[in-house]
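Take this structure first; my questions come after.
Please treat every number below as a calculation from the coordinates, not as lab data. A quick note: this is a predicted structure, and the numbers were derived from the prediction, not measured. Every residue, glycine among them, receives a Cβ derived from its backbone with ideal geometry; neighbour counts consider all protein chains shown.
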Amino acid sequence: MKYKYFFFFIFFLIVRPLFAQQTDTTVFKPKPVYSKEIQTIVGILNFNHYSKIKFNDSLSAVILNQYCLNLDGGKYFFLKSDIDQFQKYANQLDDLSTAGDVSPAYEIYQVFRNRFNYQINFILNDLVKQNFDFSVEEDFETNRDKMPWCKNQAELNDVWRRNIKNQALSLKLSGKKQEDITKILTERYERMKKSMLQFRSDDVFEAYMNTITEAYDPHTSYLSPKTAQRFNEQMTLSLEGIGARLQLDNDYTKIAEIIPGGPAEKMGVLKVNDRIVGVAQGVDGVMVDVIGWRLDDVVKLIKGPKGTTVRISYLSGELGLNSLPMETTLVREKIKLEDQQAKKEIVPMTKDGKALRMGVISIPSFYIDWDAMQRGEANYTSTTRDVEKLLKELEAEKVDGVIIDLRNNGGGSLLEAIELTGLFIKKGPVVQVRNSAGRVEVGEDDNPTVSYNGPLLVMTNRFSASASEIFAGAIQDYNRGIVVGETTYGKGTVQNVQELKRFIRPAVGEEYGSLKLTFQKFYRVTGNSTQHRGVTPDIVYPSAFDANLFGESANPSALPWDQIKGTLYERTGAVNKQLIATLNKNHLDRMKTDPLLKKLTLEVEESKRAFNDSKVSLNEATRKRLQEEAERAKNNASLSTSLGNKEGVTPATKVTKVDDAYLYESILILSEMINSRVG
């Protein structure tokens, strides 16, 4: 979802009882402290941001457009005439911000709020009680961000009619009667109406400031005092809940990441892109409808004390919005650093009559216990220390090759990425880092000791980012191992957090937020940036995740890819182009002939189709047919995976049952590396 502040505004939801008779006469005005903050932030951005972009008329027009979309990314409230009216600020926001004037943000927000109130009243009075005719052939476009602004109120009302009809049909197909549908929809939109009354001046300012900061790049952001506190709490790596990072996608709460070591990962039911539609407490609590809720309030329902039970109703990301909700039960846990540590397993297999043992090390993040290290503790926890220990254990257990699994590893400590690379190479440069002044520093492994020099394979996916990309890129550049999987995320920038009070002399009682600022950029030893392009594997696996929708390239303001001068380094002889070509050919042959991999390809294509098909039918018979087809496809894929993992690709190749098809193929590739190893 590009416009992530949409529904942060319109669905600021709470769980308390609602009263439809409440009216909204609030008029917000900016606080004096905001003038100091915006002047300070603009100054820092203009002079300290890596891009060296200046807040000028051109950027002003971009920010104006984005602010309107952040308020109303679904284009459900503003009319085209409103957007035209706001154009008077297209070339003024830069000058006004420099002068400390944030009044346009509040003027635009007030129009949005008025439009919101009108539309919600229309929904409650005219739509939620309708007994829709589901035999009519019509559809609803759920991806409203690619649609134009509505020209008039009648056109917008029809958009809402289709939206409510879509929600009513989903409820009907899930078994709800008409009176239940009316009750659920009424409560849903009364919550939305009441939620708007909870919005405050601080929220308007924070959203406006984030529109400005993210025009520089998507990782630069303003943190209000309240948000900064939550950010610091998240850095402790101690979270109570189900172990999933959530984000808003239109009126749905979508799973953006499954946190390693958490209940969601251990259960293995919820997946990235699943949409949460209901939350219930305990084994018999009432399922609360959360469609259209503000993200913070959904999180509040899901989080809770360790050991308690929460039930999640969700729409499968694989089956799409036409599918019926499914339900899973999770026991909340406290996710600590040790739950996210590197882990190993050994997978036995037979290749051409020869027994092989493959060591697999999964690394969820690049972590280090900084406090323990600074205290001088001898056995502080770190990724490199843990992996070094696991490598010794695997060698003692006589493994024939090692797989480093970096899938879903979003990064972490750059130092750990450098030192981890050092376990596999003698010594040399690992990464180059350039700051906003153009100065380049080289991060080197200066330890000549190699902890493991056997066959090595690195697995990545679209959600391997930052430090993961540094490690995978270095292994690839040194020809030390084979990288397989999906092209990585493409985050090649570095941020730090600066408290604004360092730059402002606060008056008594004034509180200031913080600025998370992009100030450096990563480059591989070849001189290529990991920004945008990420790391392209030597052997590419089927992927359901389009780079334009998932990853750095999904952000219009992301910094560009570029190059700097490469640095001297000595490649190993472990891998060469001929070996990669041979492994690639064999991989492509298996993709055509192996039943498991053929079904995997079909499953990926079906997931891509379901995700990209944003238009849903409002005809009941059509919707039922599509649901049945999606369910059959999922069941067939699940059956094929179960059968496929019991046998290898040929009678001469057998792998002990592995439920993960991508890992299964990686083991086969590693076995071929062992048989064909060069150098």
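Determine, for Thr622, Thr383, the number of other Cβ atoms within 10 Å of each Cβ, and report the residues in order from fewest to most.
Thr622, Thr383
Continuing with this model, one more query. Does the chain come out rounded, prolate or oblate, given a ≥ b ≥ c as the square roots of the eigenvalues of its C-alpha gyration tensor, rounded meaning a/c under 1.5 and, failing that, prolate meaning a/b above b/c?
oblate
Over the chain, what is the relative contact order in percent, taking alpha-carbon pairs closer than 8 angstrom and at least six residues apart?
14
Next up: Under the rule that an exposed site lies in a DSSP loop and has at most 11 other Cβ atoms within 10 Å, name the longest stretch of the chain with no GluC sites (Glu not before Pro) of that kind, not counting the sites themselves.
After excluding every exposed loop site, the longest remaining stretch is 138-376.
Moving on to the next point. By its C-alpha gyration tensor, with a ≥ b ≥ c as the square roots of the eigenvalues, how is the range 239-335 shaped: rounded for a/c under 1.5, else prolate for a/b larger than b/c, else oblate?
Rounded, since a/c falls under 1.5.
For a footprinting-style exposure proxy, rank Arg188, Arg524, Arg434 by other Cβ within 10 Å, fewest first.
Arg434, Arg188, Arg524
Label the range 405-476 by shape, choosing from rounded, prolate and oblate, from the square roots a ≥ b ≥ c of the eigenvalues of the Cα gyration tensor; if a/c is under 1.5 it is rounded, and otherwise prolate applies when a/b is larger than b/c, oblate when it is not. Walk me through the intermediate numbers first.
Numbers: a/c = 2.41, a/b = 1.13, b/c = 2.14.
Since a/c reaches 1.5 but b/c is at least a/b, the shape of the range 405-476 is classed as oblate.
Further, regarding this structure: Mind putting a number on the dipole of the chain about its Cα centre? Charges go on the C-beta only, +1 for Lys and Arg and -1 for Asp and Glu, and I need it in Debye to the nearest 20.
Numbers: 89 positive and 88 negative charges, 34 e Å.
Result for the chain is approximately 160 debye, rounded to the nearest 20.
Counting other Cβ atoms within 10 Å of each Cβ, which trypsin sites (Lys or Arg not before Pro) in the range 526-611 have at most 10 and sit in a DSSP loop?
Those that pass, being in a loop and sparsely packed, are Lys565.
For Trp293, Trp370, Trp160, what's the fewest-to-most ordering of other Cβ within 10 Å of each Cβ?
Ascending Cβ contact count within 10 Å gives the list Trp370, Trp160, Trp293.
If you take the charge dipole of the range 349-464 about its Cα centre, with +1 on Lys and Arg Cβ and -1 on Asp and Glu Cβ, which of Asn408, Ser436, Ile363 is farthest toward its positive end?
Of the listed residues, the answer is Asn408.
Let me ask something else about it. Run lengths n ≥ 4 of DSSP H only: what is the helix-derived mean residue ellipticity at 222 nm for the chain, with -39500 (n - 2.57) per run over all residues, to the nearest 500?
After summing the helix terms and dividing by the residues of the chain, the value is -12000 deg cm²/dmol.
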